[in-house]
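The values are calculated or read from the model by the stated rules, or taken from the named source; none is laboratory data. Predicted model only: the values in this text are computed from it and were never measured. All Cβ positions, glycine included, derive from the backbone under ideal geometry; neighbour counts span all protein chains shown.
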Amino acid sequence: MDVFLFLAIGAVLVLSASWARTRYAGFLAQSPADYAAAPGEAFDVRTHLNGPVVCEGMIYGPTGRVSSRFHARFDCSWEGDKGRMIERFWYDDGSIQDRAWHLQMSNDGRIVMRADDVVGDGIGKQSGPSVQMTYKLRLPDSVGGYLLDVVDWMYLAPNGTILNRSQFRKYGVQVAELVATMRPASQEELKDAA
């Protein structure tokens, strides 16, 4: 009986430590307030995600290994505080994915986001050189149709490149992670796309 008790206590301690690390010291512990006073240019999605944007990145599976690589083209436009971002992704397996985001900015830096594969409204917040977004993403039926909780962070680098890191969770367990860069498309890249 003592062995079972020690194993149970040990399991509870390990699970508690893992939860505490995730909640207070990991990726999910970040808050927009952490970046409010960060030095450098502030991230304004109406400026930094405007016009043609190119993106390159990869997706890590639940074991931490790269499961997919991609490049993408975004066409972003704004009319005042209302924005539209049309995305097209080309994956290494030959598949193509399209998404259209509809964005609404508030004066306090909050963003409401909608897309066809997002359940309900996504919520974002600009703060210093960062933007945090949270939303529920419905995967295509071809890959199970699962509903995932997404925490998405974009960070503005000093040269204007945007670094993006997103984590995807099901029942609180991380099932995938995306790491990507975004930057304005060059004239040469625009010619190649035509």
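Among the candidates ARG165, ARG84, single out the residue that is touching a strand residue (DSSP E or B) at 6+ places or on another chain (Cβ under 9 Å) and without any contact (Cβ under 8 Å) to a residue 24 or more places away in the chain.
Answer to the check: ARG84.
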Being over 18 Å from LEU178 (Cα atoms), among the polar types (S, T, N, Q) and modelled with pLDDT under 95 is the filter here; which residues of segment 90-122 pass it? SER106, ASN107
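This table checks each residue for (1) in contact (Cβ under 8 Å) with a residue 12 or more places away in the chain; (2) touching a His at 6+ places or on another chain (Cβ under 7 Å); (3) over 20 Å from TRP78 (Cβ atoms).
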{"residue": "ARG114", "(1), (2), (3)": "yes, yes, no"}
{"residue": "VAL131", "(1), (2), (3)": "yes, no, no"}
{"residue": "ASP149", "(1), (2), (3)": "yes, no, yes"}
{"residue": "MET154", "(1), (2), (3)": "yes, no, no"}
{"residue": "PRO158", "(1), (2), (3)": "yes, no, yes"}
{"residue": "LYS170", "(1), (2), (3)": "yes, no, yes"}
If we keep only residues of segment 128-144 that are under 18 Å from GLY61 (Cβ atoms) and not β-branched (Val, Ile, Thr), then the residue surrounded by the fewest Cβ atoms within 10 Å (Cβ to Cβ) is SER142
So which residues in segment 104-116 are exposed (fewer than 13 other Cβ atoms within 10 Å of the Cβ) and within 17 Å of LEU139 (Cα to Cα), if there are any at all? ASP116
Exactly one of GLU87, GLU41, GLU56 is of a type in the set (Asp, Glu) and modelled with pLDDT under 95, and that one is GLU41
When segment 27-47 is examined, which residues are found to be assigned to a helix (DSSP H, G or I) and closer than 30 Å to ASP75 by Cβ? PHE27, PRO32, TYR35, VAL45, ARG46, THR47
On the basis of being within 21 Å of ILE86 (Cβ to Cβ), among the small types (Gly, Ala, Ser) and exposed (fewer than 14 other Cβ atoms within 10 Å of the Cβ), does SER186 make the cut? yes
